[in-house]
Structures are given as structure tokens and as C-alpha cells.
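Read through the structure below, which is laid out as C-alpha cells, and then see the notes.
Every number here is computed from the coordinates shown, using simple stated rules; none is lab data. Keep in mind the model is a prediction, meaning the values are calculated, not measured. Positions of Cβ are generated from backbone atoms using ideal geometry, with glycine treated the same way; all protein chains shown enter the neighbour counts.
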Amino acid sequence: MNTSNQTLNDVLAPPKPSFGGVLKQRLFNTPLDAVITIVCAGLLFYLLYNVIDWAFLSSIWKAEDEPLCRDATGACWSVIDARHRIIMFGLFPFEEHWRSTVACVVMILTIVLSCVPWFWSAVRLGLLWILGFGTFYILMHGGIFGLTEITPERWGGLALTLFIFAAVSIIGMPLSVILALGRRSKLPVIAKMVGLFIDFFRSLPLLTILFTAAVITPFLLPGWLQGDKLYRVIVGFAIFFACYQAENIRAGLQAIPPGQDEAGLTLGLSYWQRVGRIQLPQAFRNSLPAIVNQFVITFKETSIVTIVGFFEILASGSAAFGTGQWTAHYIEVYVFIGLIYFIFVFSLSRYGAYLERKLRVGHG
Amino acid sequence: MGNILRNQKFRGILFQAVALSVVAVVLIGMVMNTKASLDAQGLTAGFNFLDRSTGWDFSFSVLPYEISDTYTRVILIGVLNTLLLGFLGLLLATILGIIIGLIRTSKNYLFSLLGTIYVEVFRNVPLILQAIFWYAILTNLPRPRQALNFADSIFLSGRGLYFPVLNIPLWSFALMVAMCIAWLITLGWLRHKMDASLAYHRLKKMGWIALIIAIVVIGYLARIPETTLFDIPALKGLNFRGGMRMPPELTALVVAIALYGGAYIGEVIRAGLMAVPKGQIEAAYVNGLSNFQIFWHIRMPLAIRAVLPSLTNQYVQLMKATTIGIVVGFSDLFMIISTSINQSGQTLELLAILMACFLAINLSIAFVMNTINQKIALKGYEVKS
């Protein structure tokens, strides 16, 4: 009895299309489709060939080969070979570059580890970031453990980009939770005030806020509260980030059925118990893709601080080809920086898309 | 006393009162501090400086201007420059986004792969880097003598993009645009009043013909005398004469915003097209509609309704992103305001103007889009995006 252990579903399941069949259906379904396929294949091949030719086949790699670049038809990666330290480290003292490198590795590791679900509790995530950010700061700033002190004015390149991103996240995330809870507060004055605060910051371009933080807050705040320009900009950026993130979290909070909170109330749980144990865990789960997406946007937006005068990776890149012999090779430098951003942003956004798929399956 | 503190209502009121007074104290502290620092610098607060002449130059202006112009006029120019940049950028981004959205929803693997590559490349690199990149490319183009030449009428060189324009004064062009907008609004109102009746369609056709005739007549009557119909740029000596010049700053920003925004809007459009229920398409197919008819009468109208809210959001975001113009030296509103702050020292007033302008622009976009959204919403039917 061959069919005895087959279920009804197996019998009724449609036949699996063959590989060739799928190929035919998705590429050569109609004559027009075939034409489009052939044109696209040609275009893709042309693009790919040109990019590979430019970047690898006809390119020059060593710094000392710079004279060859004038006749080369491909990329002149010599500029990266010669100037990569400026691009990656900015004005950081040359002998201390290893500190900046290790700090960047630590920070990237912290970011990667935060993506692992095992770390998703307030305590573990908190510890991870205190440890990661602390190590990063000690390595960059020095002053203890026999490391020479290097003030933030001399930080630059990738390390500064990562520092701004991490600091904005650390300040912004708790703030966003407070803002989201505040906006949903049952006390009308609090809810109105927080709502006004969020809407005000969300209606402004980030650049305006960074500019205000850098240039104008010295007018508004007394001297003892001003702090360094870098920290003012980070706080402004974090407030902006928190206002957007708060709306994501609020959306997650609103998606929770009211019965959940009422059940907690009936059991005699206090406000903070209900928020911490019932509402927030579910809200984060509900809006995780949107939250990750906000981090993706924020990473890209760190490039805007270059306008208010910081030497992060975009500005240090522009400085890299600013001198004499390298001026003609701006494309290579921009492509290099673009690739660095792309790697971070693309992997983060792929991770967000993965989470979205996974969570959707979880909900059935 | 202890009883009162345990009272939830009382605690709520107390907490709110404390929060309110903290905010009030912070705000008053800021005002006092600002006044102190203004006094220390010998500056007077107020908007009187707006009538003073600026005395500094900037790179690009929609309106004619002189160095002796007042702050009011210079700020107005900044607003218009931002609006021009936003209009061109958003228009091109929308067109590109629709194309990309269609490509990405194609059943053809390779075709949609091309769309995916485009979206991933342009969405994952910061806009500001893209703007700087295009600006560097554009300013490193050959000089006017070796300009890239398209059909002897459009030229692209290191000095910018030159293209032909109609030889008509600005006011008549403005009149034409106003007439078009007026007609579109009338059309919407007529549609609302008359539904899609036969009379409506007749009126619509006649209206279009009348509009085209009116535009041609105005263009002919108002053209600058003793000139050709088109003002075509031509190389005279070392530079181009005639035509319209789009400086590299503006071109780079428009290209960057169009490509970056196109990737985002493409995703929005794709989501909208995917949100159209499959049953609708299948029903249309069963009824014997052609592929084009299915797209034009079923998929697109439903998709437009599904995407409008997220499209509004994208437009507002892109409009805010235009402030990065300062990195390539384009004199948009932000650059004008920050230069004004440097020159006049009237920091808070100028910042308030900047914020008010952006609030007004963003609210207008949201208002227009929401009005369209309400007008075209299908009664009793909802597509979720």
C-alpha cells in the first residue's frame, strides 16, 4: 500500500513546477518578455563588465604607482592606499591609530551583538552597551591605563561616525521610551506637552536642529550647561532621533489589545510593572522592524554633522583628495566612503527585513 | 496629609503641576539667558533688521537681486530657491519612483533584479554623499568649448546645464501655469458635481482644447518682440549665450534628490501595487480585460489610493532633506538663513523664520496630499498598504 501513509494534502498538492518551467514562466513567458529579458541581460552584463573593468581589471592599486594613473582607464586605488589613514582616522594622532581601530572593532561588535535575540533584555542590552561604549570611549579618549589623552576635537573618520551613532542611540532610546509613554499618558497636560514636543521636532529638518545645537544653544543655556560642541550636537541629534523612535514605539503600544493592560490592572500590578512587563516587551516586538529602520536612517544621517563642522568620515574623505596630486581621484574616494556606508546600512536594513519576515511568521 | 498624597487624582494633578512649572522655569531661564547674552553683545532683539540691506552675495537666485537688497527679499529668494529645488527634485523622484515601482513588480526576474539593484544602491548611501559626488562630477566636466552636446540645443559643461527656453516674459509664463492649475481644480470640482457623466466628458474635452488654445495665444502675443520662438543656447567665445542655465549646484542637488527619492518612492509605489488584492486582478482578467486595461483601470487607481499617505510622508521627508544644499553651496533657505545669522547676529529671529517657513511648507504638502486623499477615497472600500 503505497498511498496508505499519504495525507489528503499530499495527494491534492499542486505539482511542483520544474526549474525549467519556472525559468520559462519568469523570463520567457511572452515574446515581449523574451525581448525584455535579453535587453536586461545585455544591460546587466554591460554594467557588470564596466564596473569590474573599472574597479579591478584596469585599476592601479599601489600608492607609488600614482604616475601610472594618468594613463589608466580604470580606478586609481592608489589614493586609498596612500590616504586611507586620513579617511578612517581623521586628525587622530598617527601613533595612536591602533586605538581608533580597536575602538571601531569593539563598537561594530557591540552593534552586531545587539542584533542577537539573546541580548534582548534591558539588563543584558544595558550591560553590553555600557561595556562596549565604555571600552570605545576609554580607547578613544585615553587619559587612564597609560593611554595618552586625546580630546574629542581630534577624533575623526569612521570612529567619529560610529561614536555619534552610538551616543545618539544610547541617549535616544531611553528618551524615546519616556516620550512614547508620556504621549500616551492619561494625564492630559503631560500628554499634550509631550505631543507638542515630538511634533515640533519632527516638523524640522535635522540640519536645523544640529545647527541650533552647535551655534545657537550657547545663547540659550548658561555657561555651565553648554559643554563641548560635539556633545551639544549629539544631544540635539538624540532628541531628534528619540522623537521619531517614540512614534514607532507608540505605534507598537497602540497595537496591544487593551485587555492586556486591563488584565494587569485587575491583578493589582502597578503602572511601572504593567509598562515594564506587559506593554513595553510587546510594543518592542510589534514595532521592531520600524525601530531598526530608524537606526538605519540615523546611521545615514550621521553624515549631516559634517555641515556643522565635524571631521567624520565624509569630511575626512573630502580632505583625503584635497591635496595636490590626488585632486583628480575624487571618484575613487567617494566610492570608497560610499561602500563603507553601504556595508553598514545595507546589512542593518537586511537585518530589519529579516526580522520583519520572522515576526510575521510568528504571528501566523 | 498622607491620605491626600495617596489619592490618585491628587497625585496626577500634583505631578502635572510640577511638570508644568519645571517646563516654565526652563523656558524662562532660556529667555533670561538669551537676553543677557544679547545685551552682552550689544544686539537688540526684534525684526527691524529685515529692512536693512544685506550687503553680501550668494550663488543662485530665482528672482533678480542686487547686493543692496533687504533681508526680507533675500529670505524670500531663499524660500523660492528651496521650493524650486524641492519641486524639481520631487517631480523627478516621483517619475523615477513610478518607473522603478513598476519595474520591481514585474514578473520578469531579470527586469525586477535591475530595479532592486537600483533601489539598494541609491537608498543605502547617504543623500549628502550622493549630492557631493554628483557635484564633483558636474564641476569636473569639460569647459564650455568641449561641452557635452545633445542635438545642438542642450549642453552640459562644468559651468552647468544649458537648455533652450521659450522667448516669453516671466509674467506670461506664470499666467500659463496659473491657468493650468485653475483648470485642474475646476476639473476636480466638475467631476465632484457631475460624476463621470457624458456631459462631464464633453466639458472636459472642450476645456482641454480651450486651455491649449489660450496658452498658445498668450505665448504668441506676449513673446518678446523680434526674437525667435525658442531661445537656444549657443557657444559665443568662451561661454554660452542664450537659453537657460542651471548651475552645477542646483543640477547636482536635483539629480541626487531625484535618484535618492526615486529609490524610496519606488518602494512606496511597489508596496501600493502589491497591496491591490489579487482577486481584483483575477476578476478583471476573467472579464477579458487586456493587461493594459487591468493596469490602467484596476491596479493603478487602487494603488494610488493605497500609497498616498506614505507618499505624503516621503515628500515631507525629502523636502526637509533639501536643506543639505549648503554642502555644495546652493543658496537654499537654510544657507541664506545661516549666512544671515553670521552677518547680522539676529540669531533667534532668523531661526524662528526658518522654522516657520519649513513648518508652512511641510504643512502645505500634507494639506494638499490629504485633500487629494480624501477626494479620491473610495466609499466603503479600503486598501491597506
**Study point:** Kirkwood Rh, Cα atoms: Rg over Rh of region B:194-315
**Key:** 1.15
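At a Förster distance of 41 Å, what's the computed FRET efficiency of B:Ala234 paired with B:Met179, Cβ-Cβ distance as r, to 0.05?
Numbers: r = 31 Å, r/R0 = 0.77.
Plugging the Cβ-Cβ distance into 1/(1 + (r/R0)^6) gives 0.85.
Using only alpha-carbon positions, what ratio does the radius of gyration of chain A give when scaled by 2.2 N^0.38 Å? Display every interim value, and only then the final one.
Working: Rg = 26.3 Å, N = 364, 2.2 N^0.38 = 20.7 Å.
Working it through for chain A, the quotient is 1.27.
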**Study point:** Paramagnetic label zone (point 7 Å from Cα along Cα-to-C-beta, A:Ala255; backbone N under 17 Å) in region B:285-316
**Key:** B:310
Review point. Which residues does a label at A:Glu95 reach in region A:143-168, if reach means a backbone N under 13 Å from a point 7 Å past the Cα toward the Cβ?
Key: A:147-149
Check your understanding: Along region A:92-99, what does the Karplus equation 6.51 cos²θ - 1.76 cosθ + 1.60 (θ = phi - 60°) give for ³J(HN,Hα), rounded to whole Hz, x for Gly and Pro?
Key -> 4, x, 4, 5, 9, 4, 4, 5
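Above 16 Å lies some portion of the pair distances; for region B:167-224, what is it as a whole percent of all C-alpha pairs? Spell out each step's value before the answer.
Details: 789 of 1653 pairs.
Result for the distance tail: 48 percent.
When 1/r is averaged over all different Cα pairs and the result inverted, which Kirkwood radius in Å belongs to region A:185-282? Please report the intermediate quantities before stating the final value.
On the way: mean 1/r = 0.0629 Å⁻¹.
Computed over region A:185-282, the radius equals 15.9 Å.
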Revision key, fill the gap. Taking placed amide H atoms and a strict 5 Å upper bound, the residues 5 or more places from B:Ser53 or on another chain that come that close are none
Study note, to complete from the structure: Non-local residues with an amide H under 5 Å from the amide H of B:Met244, with H modelled 1.01 Å from N and Pro and chain starts lacking one, are B:Phe163, B:Val165
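Working out 0.36 nm times the residue gap between B:Phe10 and B:Lys278, then minus their Cα-Cα distance, what length gain in nm do you get to one decimal? Write down the numbers at each step before the final one.
Working: separation 268, 0.36 × 268 = 96.48 nm, distance 5.56 nm.
So the chain would gain 90.9 nm between B:Phe10 and B:Lys278.
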Review point. What percentages, rounded to whole numbers, describe P(r) for region B:2-42 computed over all alpha carbon pairs with 10 Å bin width beginning at zero?
Key: 27, 28, 19, 15, 9, 1
Practice item. Divide by every residue of chain B the summed helix terms, -39500 (n - 2.57) for each DSSP H run of at least 4, and state the resulting mean residue ellipticity at 222 nm, rounded to the nearest 500 deg cm²/dmol. Key: -22500 deg cm²/dmol
Practice item. Taking 7 Å along the Cα-to-C-beta vector as the label spot, tell me the B:Gln146-A:Tyr351 distance in nanometres, rounded to one decimal. Key: 4.7 nm
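Expected output is a single nm value to one decimal: the length gained when fully extending between B:Tyr285 and B:Tyr109, i.e. 0.36 nm times separation in residues minus the C-alpha distance. What is it?
Details: separation 176, 0.36 × 176 = 63.36 nm, distance 2.21 nm.
So the extension gain works out to 61.1 nm.
Counting partner chain Cβ atoms within 10 Å of every residue's Cβ in B:116-126, what's the average?
Values: counts 0, 3, 0, 0, 5, 3, 0, 6, 14, 12, 14.
Across the residues of B:116-126, the mean count of other-chain Cβ atoms within 10 Å is 5.
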Review point. Who wins for biggest fluctuation among A:Ala320, A:Ala75, A:Ala263 in a Gaussian network model of chain A, springs between alpha carbons below 10 Å?
Key: A:Ala263
Practice item. Using the Kyte-Doolittle scale, find the helices of chain B whose mean hydropathy is at least -1.0 and whose Cα atoms extend 15 Å or more along the helix's long axis, counting only whole DSSP H runs. Key: B:8-41, B:71-104, B:109-123, B:127-139, B:170-194, B:198-222, B:248-275, B:300-321, B:333-344, B:347-376
Point to revise | Cys residues of chain A counted as unpaired, since no other Cys beta-carbon is under 4.7 Å | key: A:Cys40, A:Cys104, A:Cys115, A:Cys243
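Give me the number: length gained by fully extending B:Met194 to B:Ile376, i.e. 0.36 nm times residue separation minus the C-alpha to C-alpha distance, one decimal in nm.
Details: separation 182, 0.36 × 182 = 65.52 nm, distance 1.48 nm.
The B:Met194-B:Ile376 span can extend by a further 64.0 nm.
Just round it to a whole percent: the fraction of Cα-Cα distances in region A:151-363 exceeding 31 Å. Display every interim value, and only then the final one.
Values: 7278 of 22578 pairs.
Tail of P(r) above 31 Å: 32 percent of Cα pairs.
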**Study point:** Distance-filtered residues of region A:230-252 - backbone nitrogen under 14 Å, label point 7 angstrom along A:Thr151 Cα→Cβ
**Key:** A:230-231
Exercise for review: List, in the order given, every pair from A:Lys186/A:Lys358; B:Lys205/B:Lys278; B:Lys204/B:Lys375 whose Cα-Cα distance in the structure shown is over 26 Å.
Suggested key: A:Lys186/A:Lys358; B:Lys205/B:Lys278
Study note, to complete from the structure: Correct semi-axes for chain B, from √(5λ) of the alpha-carbon gyration tensor and rounded to whole Å with the largest first, are 40, 37, 24
Study note, to complete from the structure: Applying the gyration tensor rule to the Cα atoms of the protein assembly as shown (axes a ≥ b ≥ c; rounded if a/c under 1.5, else prolate if a/b exceeds b/c, else oblate), the class is rounded
